[in-house]
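The values are calculated or read from the model by the stated rules, or taken from the named source; none is laboratory data. Only a predicted model underlies this, so the values are computations on that prediction, with no experimental measurement involved. Cβ placement follows ideal geometry from the backbone for every residue including glycine, while neighbour counts extend to all protein chains displayed. Only protein heavy atoms, including side chains, enter the accessible area calculation; ligands, DNA and RNA are left aside. Shrake-Rupley method; radii C 1.70, N 1.55, O 1.52, S 1.80 Å.
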Amino acid sequence: MSKIKHITCIGAGYVGGPTMAVMALKNPDIRFHIVDINQARIDAWMSDELPIYEPGLDKVVKETRGKNLFFSTKVDEAIKEADMIFISVNTPTKKYGIGKGRAADLKYVELCARQIAEHAGGDKIVVEKSTLPVRTAQSIKKILKSTSNGYKFQVLSNPEFLAEGTAIEDLLHSDRVLIGGDQDEAGQAAIQKLVEVYNSWIPRERILTTNIWSSELSKLTANAFLAQRISSVNAISALCEATGADVEEVAYAIGTDSRIGPKFLKSSVGFGGSCFQKDILNLVYLCEFFGLHEVARYWETVVSMNDYQKTRFASKIISTLFNTVSGKKIAFLGWAFKKDTNDTRESAAIYVADQLMQDQANIHVYDPQVPTEQMYGDLNELETRSDEDNRAQLTAYDDAYEACKDAHAVAVLTEWDEFKADQLDWQKVYNSMKKPAFVFDGRLILDREALTKIGFEVYTIGKGK
Ligand code: NAD
Ligand code: UDX
């Protein structure tokens, strides 16, 4: 059977871009073409300023771009030329109609399937790279079959497990790659072709192959389990504060049990990002669809605990500042949903800011990677107040010290290294603030003792007095 020579990826986002760039780096004999309907995004991929901030990405793109990695908006052409097509478009939570607020909106995926069927011009392997509800492959197959002039299509599921901020490392050294496909001969042959692409750098024993439904469901399940660990430790953080226990000590103590393990036990102001909440809600919707109401309720609590944690943090700021933040200046260090990314989707900072702004606080933000307009966009999406009011109540700065000047309180919302005690001059911050000066550490990155010595009143998530 002939080897793959041309791979097209539809969707040049946080997943499509880095994933294909690394594949191109490791497969110099394959031509990769990433396409997107968003011209500005494609222009940015072709420029020196890539559309996403991701450590190590620049280097990989520079090494491959123009050699075997290409970007364009020519979706139809790219479909035609490819042997294998990755669908890597967004699958956000539905904002309308049946399943609103829970189900994944699959309209972009369906559009891709229709476009592939129309422009295929030959047999293709179609790979689901987007995170999709289990049994989506069935719909894709149906569309491809019914519109496709007799060409043969194989649909594979190959969910992506990279995390933002560490995407390149995750891709280069994946714990595992998962490929699901049909169990018949043609399905197995298609799986084998994708195995070969990955096997140029991932050891064969780390490439897992399953049936297509297991692969689709494993992705939602992996995210649900990871998020559940964070909600569990965050639930305990509230109890720590009430009892005098220290959530970091508890997390360490339980994480040394090899059955539990140490990762993803860091208490925080709440998980954000484009995946966890969306994928759990999607799982909840699926469970309800199949009549599994108890299962749905079980997973739903992971999201409600996360909402509670964000609200709890904002409420703590208000109650500590003598029960009112009206007209007060609250400095936010960080707006991204985690460090080393410019992504702000579902970032806890947005919700904490919104709650404080409802109490008429003025928010002054510094984030090293997030553009100011993106912050306003995030707040506008909540539709709590007008764009004009958001602009009046939130100001962004290019400098952490400027953001903190004259503030009544500083809140750490993202764990950027530059906010840590050995990198930011906290004495300077203290000197410039209103007194008493409060610090709210939502990321467990500050040295509470050192800050207290300076004169700050410090609140740390999960630490009792
Ligand atoms: P994204 O929004 O950054 O990128 C998606 C891109 O697809 C956009 O640029 C959009 O313009 C483009 N697009 C949409 N419809 C199109 C069409 N018909 N033709 C061409 N381009 C089209 O999204 P993302 O973060 O890269 O996520 C993509 C998928 O991967 C989602 O299903 C997500 O759940 C999943 N995923 C994301 C991550 C992550 O860390 N972001 C990790 C694993 C999986
Ligand atoms: C996640 C999954 O980790 C990844 O496998 C999947 O492909 C996409 O979704 P991502 O959202 O990019 O990745 O980042 P992740 O590192 O998982 O962090 C998600 C959120 O959880 C962040 O807000 C992070 O700050 C928070 N988090 C993470 C915690 O609060 N505590 C932890 O211990 C770990």
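Suppose we keep only residues that are open to solvent by 60 Å² or more (accessible area, probe 1.4 Å) and in a loop (DSSP other than H, G, I, E, B) within segment 123-146. Which one would you say is nearest to Lys94 (Cα to Cα)?
It comes out as Arg135.
Say we look at segment 208-218 and pick out the residues that are open to solvent by 10 Å² or more (accessible area, probe 1.4 Å) and within 22 Å of Asp170 (Cβ to Cβ); which of these is farthest from ligand 1 (Cβ to nearest atom)?
Among those residues, the one meeting the criterion is Thr209.
Residue by residue through segment 272-294, note down the ones that are out of contact with any Pro (no Cβ under 9 Å at 6 or more places or on another chain) and either surrounded by 17 or more Cβ atoms within 10 Å (Cβ to Cβ) or on the phi > 0 side of the Ramachandran plot (or both).
Passing the criteria: Gly272, Gly273, Cys275, Phe276, Gln277, Asp279, Ile280, Leu281, Val284, Cys287, Glu288, Gly291.
Going through segment 44-68 one residue at a time, which ones are touching a helix residue (DSSP H, G or I) at 6+ places or on another chain (Cβ under 7 Å) and part of a loop (DSSP other than H, G, I, E, B)?
Leu50, Pro51, Ile52, Glu54, Pro55, Gly56, Asn68
Here are some conditions: (1) part of a helix (DSSP H, G or I); (2) surrounded by 22 or more Cβ atoms within 10 Å (Cβ to Cβ); (3) not hydroxyl-bearing (Ser, Thr, Tyr). Met305 meets all but one. Which one does it not meet?
(2)
Conditions (1) within 16 Å of ligand 1 (Cβ to nearest atom); (2) under 17 Å from the mean Cα position of the chain (by Cα); (3) in a helix (DSSP H, G or I); (4) hydrophobic (A, V, I, L, M, F, W, C), marked per residue:
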{"position": "Ala253", "(1), (2), (3), (4)": "no, no, yes, yes"}
{"position": "Arg259", "(1), (2), (3), (4)": "no, no, no, no"}
{"position": "Lys266", "(1), (2), (3), (4)": "no, yes, no, no"}
{"position": "Gly270", "(1), (2), (3), (4)": "no, yes, no, no"}
{"position": "Asp279", "(1), (2), (3), (4)": "yes, yes, yes, no"}
{"position": "Leu283", "(1), (2), (3), (4)": "yes, yes, yes, yes"}
{"position": "Gly291", "(1), (2), (3), (4)": "no, no, no, no"}
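Name the single residue, out of those in segment 227-271 being surrounded by fewer than 17 Cβ atoms within 10 Å (Cβ to Cβ) and of a type in the set (Phe, Trp, Tyr), that is farthest from Phe161 (Cα to Cα).
Among those that are surrounded by fewer than 17 Cβ atoms within 10 Å (Cβ to Cβ) and of a type in the set (Phe, Trp, Tyr), it is Tyr252.
Among the residues of segment 163-192 satisfying the criterion of being in a helix (DSSP H, G or I) and away from ligand 2 (no atom under 16 Å from the Cβ), which is farthest from the chain's Cα centre (by Cα)?
Checking each candidate, the answer is Glu185.
Only one residue in Glu388, Glu383, Glu373, Glu402 is open to solvent by 50 Å² or more (accessible area, probe 1.4 Å) and in contact (Cβ under 8 Å) with a residue 12 or more places away in the chain. Which one?
Glu402
Please state which of the following conditions Trp335 fails to meet, knowing it meets all the rest: (1) within 16 Å of ligand 1 (Cβ to nearest atom); (2) under 25 Å from Asp58 (Cβ atoms); (3) part of a loop (DSSP other than H, G, I, E, B).
(1)
Output the number of the condition that Asn149 fails; it satisfies all remaining conditions of (1) open to solvent by 10 Å² or more (accessible area, probe 1.4 Å); (2) in contact (Cβ under 8 Å) with a residue 40 or more places away in the chain.
Evaluating Asn149 over (1) open to solvent by 10 Å² or more (accessible area, probe 1.4 Å); (2) in contact (Cβ under 8 Å) with a residue 40 or more places away in the chain leaves (2) as the failure.
Please name all residue pairs, on different chains or six or more residues apart, with Cβ atoms under 8 Å, provided the first residue is in segment 253-270 and is over 19 Å from Cys240 (Cα atoms) and free of Cβ contacts under 8 Å to residues at least 24 places away in the same chain and the second residue is open to solvent by 50 Å² or more (accessible area, probe 1.4 Å) and among the β-branched types (Val, Ile, Thr).
Ile260/Ile254
Could you please let me know if Gly13 is closer than 17 Å to Glu160 by Cα, part of a helix (DSSP H, G or I) and of a type outside the set (A, V, I, L, M)? Walk me through how you get there before you give the answer.
Numbers: closer than 17 Å to Glu160 by Cα: yes; part of a helix (DSSP H, G or I): no; of a type outside the set (A, V, I, L, M): yes.
In short, no.
Among Thr344, Thr324, which is within 14 Å of ligand 2 (Cβ to nearest atom) and either out of contact with any strand residue (DSSP E or B) (no Cβ under 7 Å at 6 or more places or on another chain) or not polar (S, T, N, Q) (or both)?
Only one candidate passes the filter, namely Thr344.
Tell me the residue from Lys67, Lys107, Lys59, Lys94 that is away from ligand 2 (no atom under 16 Å from the Cβ), under 30 Å from Phe290 (Cβ atoms) and loosely packed, with under 14 Cβ neighbours inside 10 Å, please.
None of the others qualify; the one that does is Lys107.
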